[in-house]
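Everything below concerns the one structure shown next.
The values are calculated or read from the model by the stated rules, or taken from the named source; none is laboratory data. This structure is a prediction, so every number in the text was calculated from the model and none was measured. Glycine also receives a Cβ, built like all others from the backbone with ideal geometry; neighbour counts cover every protein chain displayed. SASA here: full protein model, heavy atoms, side chains in, ligands and nucleic acids out. Shrake-Rupley method; radii C 1.70, N 1.55, O 1.52, S 1.80 Å.
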Amino acid sequence: MAQILVTGGLGFIGSHTAVELIKAGHEPVLIDDLSNSTASVLDGIEEITGHRPVFERVDLKSKAEVRDFFGRYSSLDGIIHFAAFKAVGESVHKPLEYYENNLGSLVYLLQEMRDLQIDNLIFSSSCTVYGEADELPITENSPVKAAISPYGNTKQVGEEIIQDAIKAHGFNAISLRYFNPIGAHPSAMIGESPLGVPLNLVPYVTQTAAKVREQLAVFGSDYETRDGTNERDYIHVVDVAKAHVVALNRLLNRQNEGAYEVFNLGTGTGSTVLEVIQSFERVSNSKLNYKIVERRPGDVTAAYADTTKANTVLGWTAEKSLDDAMADAWRWEKKIRNID
Ligand code: WQD
(Lines give C-alpha, C1' and ligand atoms only; values in the text may rest on other atoms or scores of the structure.)
Protein backbone atom coordinates (compact mmCIF):
# COMPACT_ATOMS: atom_id res chain seq x y z
CA MET A 1 0.00 0.00 0.00
CA ALA A 2 1.53 3.31 -1.05
CA GLN A 3 0.56 6.89 -0.21
CA ILE A 4 0.18 8.68 -3.54
CA LEU A 5 -0.43 12.38 -4.17
CA VAL A 6 -2.97 12.86 -6.97
CA THR A 7 -3.00 16.46 -8.21
CA GLY A 8 -6.20 17.45 -10.01
CA GLY A 9 -7.66 14.55 -8.03
CA LEU A 10 -11.27 15.76 -8.32
CA GLY A 11 -11.03 16.22 -12.09
CA PHE A 12 -12.28 13.88 -14.82
CA ILE A 13 -9.32 11.49 -15.10
CA GLY A 14 -8.00 12.23 -11.59
CA SER A 15 -11.21 11.11 -9.85
CA HIS A 16 -11.46 7.90 -11.88
CA THR A 17 -7.80 7.19 -11.09
CA ALA A 18 -8.43 7.80 -7.37
CA VAL A 19 -11.10 5.05 -7.51
CA GLU A 20 -8.71 2.59 -9.15
CA LEU A 21 -5.90 3.45 -6.70
CA ILE A 22 -8.18 2.72 -3.74
CA LYS A 23 -9.37 -0.53 -5.35
CA ALA A 24 -5.69 -1.51 -5.80
CA GLY A 25 -5.06 -0.96 -2.08
CA HIS A 26 -3.19 2.35 -2.36
CA GLU A 27 -3.91 5.49 -0.32
CA PRO A 28 -4.44 8.46 -2.64
CA VAL A 29 -4.17 11.98 -1.20
CA LEU A 30 -6.17 14.27 -3.51
CA ILE A 31 -5.46 17.94 -4.12
CA ASP A 32 -7.35 20.21 -6.46
CA ASP A 33 -7.88 23.98 -6.82
CA LEU A 34 -11.55 23.39 -7.78
CA SER A 35 -11.14 25.65 -10.85
CA ASN A 36 -12.76 22.99 -13.03
CA SER A 37 -14.26 20.52 -10.52
CA THR A 38 -16.34 20.43 -7.33
CA ALA A 39 -15.72 18.90 -3.89
CA SER A 40 -18.89 16.80 -4.34
CA VAL A 41 -16.83 14.46 -6.56
CA LEU A 42 -15.43 13.13 -3.28
CA ASP A 43 -18.91 11.78 -2.43
CA GLY A 44 -18.93 9.83 -5.69
CA ILE A 45 -15.50 8.34 -4.99
CA GLU A 46 -16.66 7.30 -1.51
CA GLU A 47 -19.92 5.89 -2.89
CA ILE A 48 -18.00 3.67 -5.34
CA THR A 49 -15.15 2.53 -3.08
CA GLY A 50 -16.53 2.86 0.45
CA HIS A 51 -13.50 4.97 1.29
CA ARG A 52 -13.30 8.78 1.43
CA PRO A 53 -9.74 9.78 0.54
CA VAL A 54 -8.07 12.82 2.06
CA PHE A 55 -8.73 15.96 -0.02
CA GLU A 56 -7.09 19.37 0.34
CA ARG A 57 -7.79 22.44 -1.74
CA VAL A 58 -4.34 23.57 -2.94
CA ASP A 59 -3.44 26.14 -5.59
CA LEU A 60 -0.33 24.66 -7.20
CA LYS A 61 0.47 28.07 -8.75
CA SER A 62 1.32 29.22 -5.20
CA LYS A 63 4.78 28.08 -4.11
CA ALA A 64 3.84 28.91 -0.52
CA GLU A 65 0.77 26.64 -0.66
CA VAL A 66 2.82 23.86 -2.25
CA ARG A 67 5.53 24.17 0.43
CA ASP A 68 2.91 24.16 3.16
CA PHE A 69 1.23 21.03 1.78
CA PHE A 70 4.49 19.09 1.43
CA GLY A 71 5.51 20.20 4.92
CA ARG A 72 2.57 18.12 6.14
CA TYR A 73 2.92 15.22 3.67
CA SER A 74 6.64 14.54 3.59
CA SER A 75 6.57 10.75 3.17
CA LEU A 76 4.66 10.31 -0.08
CA ASP A 77 5.60 7.26 -2.17
CA GLY A 78 4.77 8.91 -5.48
CA ILE A 79 2.89 11.61 -7.36
CA ILE A 80 0.38 11.37 -10.21
CA HIS A 81 0.18 14.85 -11.71
CA PHE A 82 -3.08 15.62 -13.55
CA ALA A 83 -3.65 19.23 -12.52
CA ALA A 84 -3.57 21.45 -15.61
CA PHE A 85 -5.73 23.65 -17.79
CA LYS A 86 -6.58 21.53 -20.85
CA ALA A 87 -8.72 23.42 -23.37
CA VAL A 88 -6.83 23.65 -26.65
CA GLY A 89 -8.83 26.56 -28.05
CA GLU A 90 -8.80 28.53 -24.78
CA SER A 91 -5.03 28.15 -24.55
CA VAL A 92 -4.61 30.08 -27.82
CA HIS A 93 -6.30 33.11 -26.22
CA LYS A 94 -4.73 32.68 -22.73
CA PRO A 95 -1.20 31.34 -23.29
CA LEU A 96 0.33 33.01 -20.24
CA GLU A 97 -2.27 31.57 -17.86
CA TYR A 98 -1.62 28.13 -19.40
CA TYR A 99 2.17 28.42 -19.02
CA GLU A 100 1.85 29.78 -15.49
CA ASN A 101 -0.60 27.09 -14.37
CA ASN A 102 0.60 24.03 -16.25
CA LEU A 103 4.36 24.60 -16.05
CA GLY A 104 4.65 26.64 -12.86
CA SER A 105 2.85 23.94 -10.88
CA LEU A 106 5.04 21.24 -12.42
CA VAL A 107 8.25 23.04 -11.43
CA TYR A 108 7.04 23.50 -7.83
CA LEU A 109 6.15 19.80 -7.61
CA LEU A 110 9.55 18.77 -8.99
CA GLN A 111 11.33 21.00 -6.47
CA GLU A 112 9.48 19.23 -3.64
CA MET A 113 10.35 15.82 -5.16
CA ARG A 114 14.00 16.89 -5.18
CA ASP A 115 13.98 18.24 -1.62
CA LEU A 116 11.97 15.35 -0.12
CA GLN A 117 13.50 12.58 -2.28
CA ILE A 118 10.12 11.54 -3.66
CA ASP A 119 11.14 9.12 -6.36
CA ASN A 120 8.12 8.30 -8.54
CA LEU A 121 6.18 10.58 -10.87
CA ILE A 122 3.42 9.79 -13.36
CA PHE A 123 2.85 12.75 -15.70
CA SER A 124 -0.40 13.35 -17.56
CA SER A 125 0.64 14.09 -21.13
CA SER A 126 -1.28 14.06 -24.39
CA CYS A 127 -1.24 12.80 -27.98
CA THR A 128 -1.49 16.44 -28.97
CA VAL A 129 2.33 16.53 -28.76
CA TYR A 130 2.39 14.56 -32.04
CA GLY A 131 0.43 17.21 -33.96
CA GLU A 132 -0.61 15.97 -37.42
CA ALA A 133 1.33 12.69 -37.40
CA ASP A 134 3.10 11.68 -40.62
CA GLU A 135 2.23 8.02 -40.08
CA LEU A 136 -0.70 6.21 -38.48
CA PRO A 137 -1.07 4.54 -36.06
CA ILE A 138 1.08 6.81 -33.87
CA THR A 139 3.93 5.20 -31.89
CA GLU A 140 5.91 6.70 -29.00
CA ASN A 141 8.76 7.21 -31.51
CA SER A 142 6.57 9.33 -33.79
CA PRO A 143 8.14 12.77 -33.93
CA VAL A 144 6.98 15.25 -31.33
CA LYS A 145 6.12 18.28 -33.41
CA ALA A 146 5.94 21.98 -32.80
CA ALA A 147 2.76 22.15 -30.78
CA ILE A 148 -0.29 23.53 -32.53
CA SER A 149 -1.49 25.17 -29.30
CA PRO A 150 -0.02 26.58 -26.09
CA TYR A 151 -1.85 23.74 -24.30
CA GLY A 152 -0.01 21.17 -26.40
CA ASN A 153 3.23 23.06 -25.81
CA THR A 154 2.77 22.85 -22.03
CA LYS A 155 2.66 19.05 -22.37
CA GLN A 156 5.68 18.96 -24.67
CA VAL A 157 7.74 21.33 -22.50
CA GLY A 158 6.47 19.61 -19.36
CA GLU A 159 8.00 16.34 -20.57
CA GLU A 160 11.28 18.14 -21.30
CA ILE A 161 11.35 19.77 -17.84
CA ILE A 162 10.83 16.36 -16.22
CA GLN A 163 13.69 14.84 -18.22
CA ASP A 164 16.05 17.67 -17.22
CA ALA A 165 15.04 17.27 -13.57
CA ILE A 166 15.67 13.52 -13.76
CA LYS A 167 19.17 14.07 -15.16
CA ALA A 168 19.98 16.44 -12.31
CA HIS A 169 18.19 14.75 -9.43
CA GLY A 170 17.81 11.11 -10.43
CA PHE A 171 14.16 10.20 -9.81
CA ASN A 172 11.94 8.03 -12.04
CA ALA A 173 9.02 9.19 -14.17
CA ILE A 174 6.53 7.89 -16.70
CA SER A 175 4.65 10.18 -19.09
CA LEU A 176 1.32 8.84 -20.28
CA ARG A 177 0.17 10.37 -23.59
CA TYR A 178 -3.62 10.13 -23.62
CA PHE A 179 -5.53 10.02 -26.85
CA ASN A 180 -9.18 10.96 -26.28
CA PRO A 181 -10.48 9.94 -22.84
CA ILE A 182 -14.29 9.72 -22.79
CA GLY A 183 -17.12 8.12 -20.85
CA ALA A 184 -17.79 7.86 -17.12
CA HIS A 185 -17.68 5.32 -14.31
CA PRO A 186 -20.35 2.64 -15.00
CA SER A 187 -21.87 3.39 -11.57
CA ALA A 188 -22.69 6.95 -12.77
CA MET A 189 -21.32 8.20 -9.46
CA ILE A 190 -18.51 10.15 -11.17
CA GLY A 191 -18.05 11.36 -14.73
CA GLU A 192 -17.07 14.29 -16.88
CA SER A 193 -18.57 17.58 -15.70
CA PRO A 194 -17.20 20.33 -17.92
CA LEU A 195 -18.06 23.78 -16.60
CA GLY A 196 -19.79 25.92 -19.23
CA VAL A 197 -20.15 24.98 -22.89
CA PRO A 198 -18.26 21.73 -23.53
CA LEU A 199 -15.37 22.03 -25.99
CA ASN A 200 -14.91 18.26 -26.38
CA LEU A 201 -17.14 16.11 -28.59
CA VAL A 202 -18.63 13.54 -26.24
CA PRO A 203 -19.97 15.84 -23.49
CA TYR A 204 -21.47 17.98 -26.27
CA VAL A 205 -23.17 14.89 -27.72
CA THR A 206 -24.70 13.87 -24.40
CA GLN A 207 -25.74 17.44 -23.52
CA THR A 208 -27.44 17.76 -26.91
CA ALA A 209 -29.33 14.51 -26.27
CA ALA A 210 -30.26 15.82 -22.80
CA LYS A 211 -31.59 18.99 -24.49
CA VAL A 212 -29.07 21.11 -22.58
CA ARG A 213 -27.66 22.08 -26.01
CA GLU A 214 -29.75 22.76 -29.09
CA GLN A 215 -27.75 20.90 -31.71
CA LEU A 216 -24.29 19.38 -32.16
CA ALA A 217 -22.11 21.09 -34.78
CA VAL A 218 -19.85 18.62 -36.59
CA PHE A 219 -16.70 20.50 -37.51
CA GLY A 220 -16.16 19.60 -41.14
CA SER A 221 -16.94 16.64 -43.38
CA ASP A 222 -14.35 17.21 -46.11
CA TYR A 223 -11.36 15.51 -44.46
CA GLU A 224 -9.40 12.63 -45.99
CA THR A 225 -11.15 9.97 -43.90
CA ARG A 226 -13.65 7.21 -44.64
CA ASP A 227 -16.63 9.49 -44.11
CA GLY A 228 -15.00 12.91 -44.29
CA THR A 229 -15.11 13.64 -40.54
CA ASN A 230 -12.09 13.67 -38.21
CA GLU A 231 -10.80 10.40 -36.77
CA ARG A 232 -9.69 10.02 -33.14
CA ASP A 233 -8.81 7.23 -30.68
CA TYR A 234 -11.56 7.41 -28.05
CA ILE A 235 -10.57 5.53 -24.90
CA HIS A 236 -12.78 4.83 -21.88
CA VAL A 237 -11.70 6.92 -18.88
CA VAL A 238 -11.74 3.82 -16.64
CA ASP A 239 -9.19 2.15 -18.95
CA VAL A 240 -7.07 5.31 -18.74
CA ALA A 241 -7.36 5.27 -14.93
CA LYS A 242 -6.31 1.63 -14.71
CA ALA A 243 -3.25 2.37 -16.84
CA HIS A 244 -2.11 4.88 -14.19
CA VAL A 245 -2.19 2.21 -11.47
CA VAL A 246 -0.20 -0.18 -13.68
CA ALA A 247 2.35 2.56 -14.45
CA LEU A 248 2.62 3.52 -10.76
CA ASN A 249 3.18 -0.10 -9.70
CA ARG A 250 5.85 -0.36 -12.40
CA LEU A 251 7.77 2.48 -10.72
CA LEU A 252 7.08 1.35 -7.14
CA ASN A 253 8.33 -2.15 -8.02
CA ARG A 254 11.35 -0.72 -9.87
CA GLN A 255 10.35 -2.51 -13.09
CA ASN A 256 11.00 0.53 -15.26
CA GLU A 257 13.78 0.10 -17.78
CA GLY A 258 15.18 3.59 -17.39
CA ALA A 259 14.52 6.72 -15.39
CA TYR A 260 12.08 8.12 -17.99
CA GLU A 261 9.51 6.22 -20.04
CA VAL A 262 6.67 7.31 -22.32
CA PHE A 263 3.53 5.32 -23.20
CA ASN A 264 0.63 6.07 -25.54
CA LEU A 265 -2.76 5.41 -23.95
CA GLY A 266 -5.30 4.55 -26.63
CA THR A 267 -7.36 1.64 -27.92
CA GLY A 268 -5.46 1.42 -31.24
CA THR A 269 -8.73 1.95 -33.10
CA GLY A 270 -9.76 5.20 -34.76
CA SER A 271 -13.39 6.37 -34.86
CA THR A 272 -14.75 9.26 -36.91
CA VAL A 273 -17.08 11.90 -35.52
CA LEU A 274 -20.00 10.35 -37.43
CA GLU A 275 -19.11 6.92 -36.02
CA VAL A 276 -19.20 8.39 -32.50
CA ILE A 277 -22.64 9.80 -33.24
CA GLN A 278 -23.77 6.43 -34.63
CA SER A 279 -22.44 4.71 -31.50
CA PHE A 280 -24.38 7.11 -29.30
CA GLU A 281 -27.58 6.61 -31.32
CA ARG A 282 -27.14 2.85 -31.03
CA VAL A 283 -26.62 2.76 -27.25
CA SER A 284 -29.27 5.41 -26.50
CA ASN A 285 -31.76 4.15 -29.09
CA SER A 286 -32.30 7.77 -30.18
CA LYS A 287 -31.52 10.11 -33.07
CA LEU A 288 -29.04 12.89 -32.32
CA ASN A 289 -29.73 16.42 -33.60
CA TYR A 290 -26.57 17.53 -35.44
CA LYS A 291 -25.43 19.48 -38.46
CA ILE A 292 -22.22 19.65 -40.46
CA VAL A 293 -20.47 23.04 -40.28
CA GLU A 294 -17.05 24.36 -41.30
CA ARG A 295 -13.84 22.91 -39.98
CA ARG A 296 -12.49 23.92 -36.54
CA PRO A 297 -9.04 25.57 -36.84
CA GLY A 298 -6.29 23.43 -35.32
CA ASP A 299 -8.00 20.08 -35.79
CA VAL A 300 -5.79 17.30 -37.14
CA THR A 301 -7.38 14.92 -39.66
CA ALA A 302 -6.67 11.71 -37.78
CA ALA A 303 -4.91 10.52 -34.62
CA TYR A 304 -5.01 7.02 -33.19
CA ALA A 305 -2.46 5.07 -31.17
CA ASP A 306 -0.12 2.21 -31.85
CA THR A 307 -0.64 0.48 -28.48
CA THR A 308 2.12 -2.13 -28.84
CA LYS A 309 4.46 -0.58 -26.25
CA ALA A 310 1.76 -0.09 -23.60
CA ASN A 311 0.46 -3.62 -24.24
CA THR A 312 3.83 -5.38 -24.15
CA VAL A 313 6.14 -3.27 -21.96
CA LEU A 314 3.63 -1.69 -19.56
CA GLY A 315 1.43 -4.80 -19.64
CA TRP A 316 -1.81 -2.85 -20.03
CA THR A 317 -4.52 -3.04 -22.71
CA ALA A 318 -7.72 -1.03 -23.03
CA GLU A 319 -10.71 -3.32 -22.46
CA LYS A 320 -13.79 -1.18 -23.06
CA SER A 321 -15.36 -0.34 -26.43
CA LEU A 322 -16.64 2.91 -27.92
CA ASP A 323 -20.21 1.72 -27.26
CA ASP A 324 -19.32 1.02 -23.60
CA ALA A 325 -17.96 4.55 -23.25
CA MET A 326 -20.93 6.19 -24.97
CA ALA A 327 -23.40 4.19 -22.86
CA ASP A 328 -21.57 5.16 -19.65
CA ALA A 329 -21.35 8.80 -20.75
CA TRP A 330 -25.09 8.85 -21.46
CA ARG A 331 -25.94 7.15 -18.13
CA TRP A 332 -23.89 9.83 -16.33
CA GLU A 333 -25.54 12.69 -18.28
CA LYS A 334 -29.01 11.35 -17.47
CA LYS A 335 -28.02 11.03 -13.80
CA ILE A 336 -26.82 14.64 -13.43
CA ARG A 337 -29.83 15.96 -15.40
CA ASN A 338 -32.36 13.79 -13.53
CA ILE A 339 -33.51 12.19 -16.77
CA ASP A 340 -34.98 8.67 -16.50
C1 WQD B 1 -12.76 15.47 -31.17
C2 WQD B 1 -13.35 15.54 -32.57
C3 WQD B 1 -13.57 17.75 -33.46
C4 WQD B 1 -16.57 19.14 -30.63
C5 WQD B 1 -8.58 17.52 -27.45
C6 WQD B 1 -7.19 17.86 -27.04
C7 WQD B 1 -6.50 16.66 -26.50
C8 WQD B 1 -7.34 16.07 -25.42
C9 WQD B 1 -8.73 15.73 -25.95
C10 WQD B 1 -6.58 16.87 -23.30
C11 WQD B 1 -12.64 16.55 -33.43
C12 WQD B 1 -14.92 17.11 -33.28
C13 WQD B 1 -15.64 18.36 -31.29
C14 WQD B 1 -17.76 19.54 -31.30
C15 WQD B 1 -17.03 18.35 -33.25
N16 WQD B 1 -7.42 16.97 -24.34
N17 WQD B 1 -15.88 17.97 -32.58
N18 WQD B 1 -17.95 19.12 -32.60
O19 WQD B 1 -9.59 18.06 -30.27
O20 WQD B 1 -9.33 15.52 -30.55
O21 WQD B 1 -8.50 16.60 -28.50
O22 WQD B 1 -9.29 16.95 -26.41
O23 WQD B 1 -5.69 16.10 -23.15
O24 WQD B 1 -5.25 17.07 -26.00
O25 WQD B 1 -6.48 18.29 -28.19
O26 WQD B 1 -10.93 16.42 -28.86
O27 WQD B 1 -13.32 16.25 -28.31
O28 WQD B 1 -12.39 18.54 -28.92
O29 WQD B 1 -12.69 16.80 -30.68
O30 WQD B 1 -17.22 17.99 -34.43
O31 WQD B 1 -18.64 20.25 -30.75
O32 WQD B 1 -14.71 15.97 -32.47
O33 WQD B 1 -13.51 18.45 -34.70
O34 WQD B 1 -12.59 16.00 -34.73
P35 WQD B 1 -9.58 16.69 -29.68
P36 WQD B 1 -12.38 17.06 -29.13
Open item on the list: Of ASN120, SER35, ALA318, which is farthest towards the positive pole of the chain's charge dipole, taken about the Cα centre with +1 and -1 on the beta-carbons of Lys, Arg and Asp, Glu respectively?
Closed with: SER35
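Considering only the chain, what is the antiparallel percent among its DSSP beta bridges, to the nearest 5?
Restricted to the chain, the bridges split so that about 5 percent are antiparallel.
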- [ ] Place +1 on the Cβ of every Lys and Arg and -1 on the Cβ of every Asp and Glu in segment 227-318, take the dipole about the Cα centre, and give the residue among ASN289, GLN278, VAL238 whose Cα lies farthest towards its positive end.
- [x] VAL238
TODO: Springs between alpha-carbon atoms under 10 Å, Gaussian network over the chain: tell me which of PRO186, PRO297, PRO203 tops the mean-square fluctuations.
DONE: PRO297
Open item on the list: Let's see if you can work this out: charge +1 on each Lys and Arg Cβ, -1 on each Asp and Glu Cβ, no other charges. What is the dipole magnitude of the chain about its Cα centre, in debye to the nearest 20?
Closed with: 420 debye
- [ ] Can you bin segment 1-51 into rounded, prolate or oblate? Criterion: square roots of the alpha carbon gyration tensor eigenvalues sorted a ≥ b ≥ c, rounded for a/c under 1.5, prolate for a/b above b/c, oblate for the rest.
- [x] oblate
Open item on the list: Heavy atoms of the protein only, probe of 1.4 Å, neighbouring chains included. What is the accessible area of TYR151 in Å², nearest 10?
Closed with: 20 Å²
Open item on the list: Which residue fluctuates most in the GNM of the chain (Cα springs below 10 Å): LYS86, LYS63, LYS211?
Closed with: LYS211
Task: Reciprocal mean inverse distance between Cα atoms of the chain - Kirkwood radius, Å - done: 20.3 Å
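Quick check: from the Cα gyration tensor, does segment 1-103 come out rounded (a/c under 1.5), prolate or oblate? Intermediate values should be presented prior to the final figure.
Numbers: a/c = 2.18, a/b = 1.43, b/c = 1.52.
Oblate.
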Task: Cβ-placed point charges (K, R +1; D, E -1), dipole of segment 118-183 about Cα centre in debye, nearest 20 - done: 140 debye
Task: Separation in nanometres of the label points that stand 7 Å from Cα toward Cβ, at ALA39 and LYS23 - done: 2.7 nm
TODO: Obtain the nm distance between the two label points defined at GLU100 and GLU47 by a simple spin-label model: each point lies 7 Å from its Cα along the Cα-to-C-beta direction.
DONE: 3.6 nm
- [ ] Treating only the Cβ atoms of Lys and Arg (+1) and Asp and Glu (-1) as charged, compute the dipole magnitude of segment 145-211 about its Cα centre; round to the nearest 20 debye.
- [x] 140 debye
Open item on the list: Which residues does the label zone of LYS291 cover in segment 205-244, counting backbone N under 18 Å from a point 7 Å along Cα→Cβ?
Closed with: 205, 208-209, 211-222
TODO: Specify which residue in the list VAL129, GLY266, ILE45 is farthest towards the positive end of the charge dipole of the chain, using unit charges on the beta carbon of Lys, Arg (+1) and Asp, Glu (-1), about the Cα centre.
DONE: ILE45
Task: Listed residues VAL218, VAL202, VAL293, most fluctuating in the chain (Gaussian network, C-alpha, under 10 Å) - done: VAL293
Open item on the list: Quick check on my link table: of LYS61/LYS334; LYS145/LYS320; LYS211/LYS335; LYS23/LYS61, which ones sit more than 25 Å apart, alpha carbon to alpha carbon?
Closed with: LYS61/LYS334; LYS145/LYS320; LYS23/LYS61
Open item on the list: Using helices alone, I'd like the mean residue ellipticity at 222 nm for the chain: each DSSP H run of four-plus residues gives -39500 (n - 2.57), total over residue count, nearest 500.
Closed with: -11000 deg cm²/dmol
Open item on the list: Just to be sure I understand the model, the point goes 7 Å from the Cα along the line to the Cβ. What's the resulting GLU257 to LYS334 distance in nm?
Closed with: 4.5 nm
